[in-house]
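Report on the structure given below.
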Amino acid sequence: MPNNNIVSPPHLSEGSDRDLTIESTLRELRLYSFQVPIDCLGIEVARVFEKYPRLPGAILVDHGKFAGMLSRLRLLEYLIRPHRLELFLHKPLHILYTYARTDVLVLPDSMPILAAAQHALRRAPELLGEPVVVKTEPNIYQMLDIHELHIAYWQIRGIETQVRYERAQAQMIQSEKMASLGRLVDGVAHEILDPVGFIWGNLTHVSMYTESLMEIVSAYENHLPQIPNKIAELKEDIEFDFLRQDLPRAIESIKTGAERLKKLVISLQNFCHIDEVYPKPADLHSLLDSIVLLLKSRLTSEIEIVKNYGNLPPVPCFAGQLNQVFMNILINAVHSLLNEAVHQKFAIEFQGGIRQNPGRKPRIEITTKVCSLEPAANTGEPLPRWVLIKIADNGPGLSENAQKQILESFSIERRTEKETSLALSYRIVTAKHGGKFVMRSHSQSDADVLNVSEGESQVDSGTEFEIMLPLV
């Protein structure tokens with residue numbers, strides 16, 4: 001016998017109080033809960049639809065299990081047809097559903113609104129107005145009005161457009177700030193180079209004058225072996241013998257300091273270089289050396305820089321942007337090695353631990369070379385040439401979770417949320433230069449301990465970045 005009991009009234013969830021974001025899911029929208037037994041009379045459902053005009057449909061259950069969904073639109077479509085009203089209205093609902101059955105779109109409540117809207121739009125044209133069934137818990141289904149889903153979709157698209165616009169504005173402002181800062185630093189560096197040039201130019205003359213004066217003093221000593229007592233006392237007071245030996249060393253030290261200051265200022269000018277509209281050939285080794293020199297204040301005596309430079313031709317590139325890429329990678333390597341040193345020192349001093357790999361010195365290795373990549377098919381054309389820049393450290397490496405977050409930041413979707421230094425480097429290499437940016441990392445916890453001869457590394461760990469730039 002059919003169940004003639006009055007069905008429970010529908011319930012509308014309040015949704016989330018938070019504003020919608022790009023990652024908002026279906027559970028944050030208002031969902032309709034209206035479940036009726038499949039043996040319920042059609043007139044009972046029609047009365048509920050008449051009382052609640054905004055109710056999009058009814059969830060049909062058979063012995064407590066989900067059996068389908070009957071929308072308001074589909075019910076009215078069958079009831080308004082001639083001779084259908086009396087046929088279906090006083091019959092069990094499953095009879096009507098056998099005629100009005102359609103494909104039901106069932107989505108989990110954890111699905112993002114943007115993805116859910118795309119699924120809904122892919123349905124057949126006659127089903128585009130049907131509500132979406134949302135599965136919130138096992139055997140619990142609710143309905144989402146398709147119009148509310150579309151409204152939420154376009155709200156989020158508007159938010160996404162606004163976020164991208166604001167980010168583009170921020171990037172333009174940041175670019176203008178960096179350009180102004182670059183011009184300012186370039187002017188200051190030029191002002192520093194002028195006095196450095198005066199010092200460097202005059203040191204040559206001071207060195208020559210000092211040698212001449214020392215020759216005259218030596219000549220006087222040879223021709224006047226018996227010097228007056230007053231002069232002898234003066235030579236003893238000023239420590240003339242020490243002065244004669246130390247003065248050339250002092251002049252040479254001033255030369256070294258002036259040369260280092262000149263290189264530092266030139267490196268600063270190169271780093272703050274303002275790129276032109278089109279790429280220009282640049283010496284990558286000079287760029288790398290400039291960045292290493294700028295980072296010298298952060299490089300402790302324990303960190304070793306190993307340069308394996310190959311023979312590179314001038315590479316067409318945006319030098320200022322590549323400087324930023326090299327700076328980001330090297331800073332990450334330096335921080336990783338310094339953090340490992342601090343952790344090991346803490347373990348030794350406060351926890352009574354033993355230093356791991358005591359024979360391994362913290363090292364950053366920079367390798368450059370020209371290479372060719374094998375083509376996908378044997379076309380007979382010459383292999384394209386690439387410039388490879390590999391920057392590797394022997395630090396603790398990155399965990400799987402950290403690697404996953406970094407790789408996700410390279411995607412366009414994640415980049416809109418947070419712009420990291422490595423994500424910026426990835427975009428500069430791939431988008432601006434048409435190159436390749438690869439990251440590899442092996443953490444100490446995941447590294448394999450190998451049985452090797454004495455003197456060889458026993459743990460393979462560290463992080464490695466490969467940058468490949470095309471040669472025209």
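Observations on the structure shown:
- Residue identified as open to solvent by less than 100 Å² (accessible area, probe 1.4 Å), more than 20 Å from residue 428 (Cα to Cα) and outside any helix (DSSP H, G or I) among 266, 251, 227, 231: 227
- Scan of the stretch 107-138 for residues that are more than 24 Å from residue 75 (Cα to Cα) and open to solvent by 70 Å² or more (accessible area, probe 1.4 Å), ordered by number: 118, 137, 138
- Given (1) at pLDDT 85 or above; (2) surrounded by fewer than 15 Cβ atoms within 10 Å (Cβ to Cβ), index of the condition residue 404 fails: (1)
- Filtered residues of the stretch 107-131 (kept if touching a residue at least 40 places away in the same chain (Cβ under 8 Å) and not in a loop (DSSP other than H, G, I, E, B)): 107, 108, 112, 113, 114, 116
- Within the stretch 41-54, being of a type in the set (A, V, I, L, M, F, W, C) and within 20 Å of residue 12 (Cβ to Cβ) holds for 45, 46, 48, 49.
- Search result, residues across the stretch 290-320 that are assigned to a loop (DSSP other than H, G, I, E, B), of a type outside the set (Val, Ile, Thr), touching a strand residue (DSSP E or B) at 6+ places or on another chain (Cβ under 8 Å) and closer than 20 Å to residue 333 by Cα: 299, 309
- Residues being open to solvent by 60 Å² or more (accessible area, probe 1.4 Å) and either among the hydrophobic types (A, V, I, L, M, F, W, C) or modelled with pLDDT under 80 (or both) are represented in the stretch 302-324 by at least one member.
- Yes/no for residue 413 being farther than 24 Å from residue 327 by Cβ and either surrounded by fewer than 17 Cβ atoms within 10 Å (Cβ to Cβ) or modelled with pLDDT under 70 (or both): yes
- The condition of being at pLDDT 60 or above, surrounded by fewer than 17 Cβ atoms within 10 Å (Cβ to Cβ) and not hydrophobic (A, V, I, L, M, F, W, C) holds for only one of 360, 355, that being 360.
The values are calculated or read from the model by the stated rules, or taken from the named source; none is laboratory data. The structure displayed is predicted, hence computed values, not measured ones. Positions of Cβ are generated from backbone atoms using ideal geometry, with glycine treated the same way; all protein chains shown enter the neighbour counts. Accessible surface is based on the protein model in full, side chains and every heavy atom, while ligands, DNA and RNA are left aside. Shrake-Rupley method; radii C 1.70, N 1.55, O 1.52, S 1.80 Å.
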